[in-house]
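The values are calculated or read from the model by the stated rules, or taken from the named source; none is laboratory data. The structure presented is a predicted model; accordingly, all values stated were derived computationally and were not measured. No Cβ is skipped: glycine too gets one built from the backbone with ideal geometry, and neighbour counts run over all protein chains shown.
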There are 2 protein chains.
Amino acid sequence: MLQSVAKDRDLPAEMAAIGAAARAAATVLANTPRTAKDRALAAAAEAIRDQRDAILAANTRDVAAAEAKGATGAFLDRLALDAGRIAAMAKGLDEIAALDDPVGAVLAEWSRPNGLAISRLRVPLGVIGVIYESRPNVTADAGALCLKAGNAAILRGGSESFHSALAIAACLSRGLAAAGLPEGAIQVVPTRDRAAVGEMLAMTGVIDVIIPRGGRSLIERVNAESRIPVFSHLDGLCHTYVHAGARLEMAREIVFNAKMRRTGICGATETLLIDAAVAEAFLPAILEPLVAAGCALRGDDRARAIDPRIGRADESDWGTEYLDAVLAVRVVDDLDAAIKHIDRYGSHHTDAIVTDDADAAQAFAARVDSGIVMHNASTQFADGAEFGMGAEIGISTGKLHARGPVGVEQLTSYKYVVRGDGQVRP
Amino acid sequence: MLQSVAKDRDLPAEMAAIGAAARAAATVLANTPRTAKDRALAAAAEAIRDQRDAILAANTRDVAAAEAKGATGAFLDRLALDAGRIAAMAKGLDEIAALDDPVGAVLAEWSRPNGLAISRLRVPLGVIGVIYESRPNVTADAGALCLKAGNAAILRGGSESFHSALAIAACLSRGLAAAGLPEGAIQVVPTRDRAAVGEMLAMTGVIDVIIPRGGRSLIERVNAESRIPVFSHLDGLCHTYVHAGARLEMAREIVFNAKMRRTGICGATETLLIDAAVAEAFLPAILEPLVAAGCALRGDDRARAIDPRIGRADESDWGTEYLDAVLAVRVVDDLDAAIKHIDRYGSHHTDAIVTDDADAAQAFAARVDSGIVMHNASTQFADGAEFGMGAEIGISTGKLHARGPVGVEQLTSYKYVVRGDGQVRP
């Protein structure tokens, strides 16, 4: 019976209703003052604290089902909530409320000789669709960021986090209601049916931008299926390049942190490049703490000739985002070779050079075509909060609209307002 | 024989070679100082002046062929060059050379408590594909704007302007050579074969952004076929709304200019909305000069009841970009009704309100979801040069990346450069 009920659902009609509610809400939100948006966020945070037990119960269901299906430890770790994570989620909403309101900000204003006064004002994008992995906190983060930027959000989390997402969405709805904002402002797709993703991708003219978060297969599906503009959050295939001008101690600390602090985040370094001139002197010492921490090493022949603890890398290693305690290691001739490697195998996310040579650092920063280029710092700093930009919805690896951390400002557009007193064009 | 030669062309290989040359050029251009780019533009302008007769001869061939095929007068007017237009084209290049270099500009910089110094720098987009109508000057304008912003350009003009485009492209090549810049920086697709457009649209990973200029059918084809991000320049279905608080004299002048100054540009007003409260008093006087200038009028029943010179509009009139001396006229109840009409039928390009009521103007500016909103000014000011932004490649009606006039700044992206002295993330 349940199955037949599920089959009877009219998914396209349901999604159309969600889309219509989102568009109507977006029109309201575009002219909602920050006080109301912030009140909604604070009330949602409060609701999450109040509803902690209900959220945990929903999450327990999700985790049990995922375990029964044989999910990996890393997957379960992303899925599972506890009291601390729920408190952090609520705190995250309060922090987003505290951010400056991007909407209405005057980005520029000037006058023309004919007396026209022109201003460029920040405005919301409209309706944002977010498709993400089974990480319950993203429901709160993404919904809150979209709301703060004056956008309506249609959220679709991984099906394994379904009950958790609904429980969190209920708290967001309470927040919206407390501030008198339309329910359609933040909606979670209320079905685990994977066809809902296809429906979302087809909502051209309803959804203004799609933000896919998750593996490469999701991004590829979105790019292949959808006509809606996309902020791509591609792999973080990040490199740390130890230049001949590096100091060994700094290089060792940065490489260790860039790889091992958290191996599962997109800003984790996956490949170490090291100049041939210092490889023999530096490589064993740089790798020592990695080996001690259990990191597997895969390198080219030149690296392996220097340090036998390095296993053999094949071509695919240079293009693999391990997201694990595995490091690819390659000896390069010089800066040019390092940049060429990064250009060929990187994902334009975050790449770092370690050197005391200012010219080399400058050339690296200018020529590496990545959203974030680091000098003498760990790639793990690639994070909106670390940049001081507040919470982010992801790191964009595309060049259009948003590059690097996508925070509230990147979730907006702008318009021109031109004021005259009767000007006509000659 | 000629046909068999044409069939033997290996178009995919040719386009792949163009793409490879463009990518290589983009890498060079990204780090080319403004002096070299400006020298190339000045030398190209000089070459256009030198080669005036050759360009005219090529254009004469194009015009003759178009005439033989029965092209309309408006089409031939866009296609035809004369000495004055060629001089204007060369001057346009000099003006683009004189613009500030957007590349390398520091958009923001700040430091973090941990000592990391973060800067956001403007960088080129990469390779830009421009597909445009048979307007020879666009070859020069678009190529120059892309170059100024540090991008390589692949240009595909309407096939009727083929010989003109090649003659102009030869001048651009001379400019590039004079400055020692790669030939691949500005390339015109050297075939009239319409399949070349399909090839361009498939060059994902080679072309970073496509800018389609032209009719709705081109935009729709690009959106349907291409996976490459697009700056859409959709129709300019612009409205001028005469609010109850307008002064008649100002309204009459603005409406006349907005419609009739040049009817064929995207900023021309296509629909006049007028408040019922003033329609009877104002409408005949506003329409008087339009009728005298030969403008056809199509209105709803309320407008026709006031002024019998107005013909009957049907539903399709509200959604038609006439680009001609035709004006749709509708009486609306109030500001809300005007905004609702614009939201339903407009193209989010440029819409104007005429009123002395500051609150109404403010509400119109806030609620009309268009790239450009005008108050007491003609919609014909919707133009990058009129905004003081210099030359533009078009007016974007999308909300992502670029909205409104697309000039050199809108043809760029940004990157973050983070400088540390050994920071690792706790």
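Residue check: residue A:174 meets all listed conditions (1) more than 30 Å from residue A:68 (Cβ to Cβ); (2) buried (at least 24 other Cβ atoms within 10 Å of the Cβ) but one, namely (2). Quick one: in region A:274-321, of everything that is within 26 Å of residue A:349 (Cα to Cα) and among the basic types (Lys, Arg), which residue is nearest to the chain's Cα centre (by Cα)? By that ranking, first place goes to A:298. Applying the criterion of being without any contact (Cβ under 8 Å) to a residue 12 or more places away in the chain, more than 9 Å from chain A (Cβ to nearest Cβ) and not charged (D, E, K, R) to the residues of region B:351-405, the residue that is farthest from residue B:336 (Cα to Cα) is B:385.
Name every residue in region B:177-191 that is in contact with a Ser or Thr (Cβ under 8 Å, 6 or more places away or on another chain) and crowded, with 16+ Cβ neighbours inside 10 Å, in order of residue number. B:181, B:186, B:188, listed by residue number.
Residue B:40 meets the stated requirement of being assigned to a helix (DSSP H, G or I), under 26 Å from the mean Cα position of the chain (by Cα), in the same structural domain as residue B:143 (by TED's automatic domain parsing) and under 19 Å from residue B:185 (Cα atoms).
Looking across region B:75-119 at every residue that is within 11 Å of chain A (Cβ to nearest Cβ) and either buried (at least 19 other Cβ atoms within 10 Å of the Cβ) or within 25 Å of residue B:172 (Cβ to Cβ) (or both), the one that is nearest to the chain's Cα centre (by Cα) is identified as B:103. Selection of region B:177-209 for residues being within 11 Å of another protein chain (Cβ to nearest Cβ) and among the β-branched types (Val, Ile, Thr) yields B:204, B:209. Across region A:410-426, the number of residues qualifying as closer than 22 Å to residue B:257 by Cβ and more than 7 Å from chain B (Cβ to nearest Cβ) comes to 1.
Residue-wise test of (1) crowded, with 22+ Cβ neighbours inside 10 Å; (2) within 16 Å of residue A:230 (Cα to Cα); (3) not acidic (Asp, Glu).
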| position | (1), (2), (3) |
| --- | --- |
| A:364 | yes, no, yes |
| A:368 | yes, no, yes |
| A:388 | no, no, yes |
| A:400 | no, yes, yes |
| A:403 | yes, yes, yes |
| A:418 | yes, no, yes |
| A:421 | no, no, no |
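Scanning for something outside any loop (DSSP other than H, G, I, E, B) and at pLDDT 95 or above, does region B:221-238 turn up at least one residue? So far as region B:221-238 goes, yes, one or more of its residues are outside any loop (DSSP other than H, G, I, E, B) and at pLDDT 95 or above.
Once region A:254-285 is narrowed to residues that are touching a strand residue (DSSP E or B) at 6+ places or on another chain (Cβ under 7 Å) and at the interface with chain B (Cβ under 10 Å from one of its Cβ atoms), the residue that is farthest from residue A:377 (Cα to Cα) is A:267. Candidates in region B:210-220 are the residues that are more than 21 Å from residue B:124 (Cβ to Cβ) and either within 12 Å of chain A (Cβ to nearest Cβ) or crowded, with 16+ Cβ neighbours inside 10 Å (or both); of these, the one that is modelled with the lowest pLDDT is B:214.
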